[in-house]
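Working notes for the structure below.
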Amino acid sequence: MKSAAIAIFTLIAGVALPAQAAQPVIGRWATVDGKAIVQIAPCGKQVCGRIEKIVKPTPGRPQTDIKNPDPALRSKPLVGLALLSGFSDAGDIWKGTIYDPESGKSYTSKVSRNGDGTLKVQGCIAFFCKTQTWTPLR
């Protein structure tokens, strides 16, 4: 009887504990293949990421948001462009929206820290996700 009470107490205590917070993602990150540097920082109560610098520009491509679905925004420079928006702590990951300037499309996104300190960045449509690994910068 005593062991059953301990088991029930342990189960209730485990359920009552608050969810684990996601590891911080604030900082400067090199995107896949080092093409750009993204600064992730708080924006209000959420976290957002903007292009800080284009390191390896795509040859022949203007440095503006030419694929944006809104024609009025196509002349906006890529530097300063919000890639990550509306991210909030969802337990062990951050959830928000990612914008892909290569396609002009936005996707639901999940971001989390890998054990080696890199950042796992996913853009998803339904259950299909494309994953990139971003590297921390000092």
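Values in this text are rule-based calculations from the coordinates and carry no lab data. Fair warning: this is a prediction, and the values are worked out from it, not measured in the lab. Note that we place each Cβ from the backbone using ideal geometry, even for glycine, and neighbour counts take in every protein chain shown.
What the table below lists for this structure:
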quantity	calculated
Alpha-carbon gyration tensor eigenvalues x 5, square-rooted, for the chain, Å	38, 15, 13
Global geometry of region 28-69, whether rounded, prolate or oblate, following the gyration tensor of its Cα atoms and the 1.5 cut on a/c	oblate
Gain on full stretching of the segment that runs from Thr133 to Lys56 - 0.36 nm per residue minus C-alpha separation	26.1 nm
Residue list for region 75-101, given a label point 7 angstrom along the Cα-to-Cβ vector of Ala21 and an amide N cut-off under 19 Å	86-96
Region 20-137, relative contact order [Cα under 8 Å, separation at least 6], %	24
Region 41-54 - phi-based ³J(HN,Hα) in whole Hz, Karplus 6.51/-1.76/1.60, Gly and Pro as x	8, x, 9, x, 8, 10, 10, 9, x, 10, 5, 8, 7, 8
Candidates per trypsin sites (Lys or Arg not before Pro) in region 22-107, loop by DSSP, up to 15 other Cβ within 10 Å	Lys35, Lys45, Lys67, Arg74
For the chain, calculated [θ]222 nm from helices alone, where every DSSP H run of n ≥ 4 adds -39500 (n - 2.57)	-3500 deg cm²/dmol
Cα→Cβ-extended label distance, 7 Å offset, between Ser106 and Ala72, nm	1.5
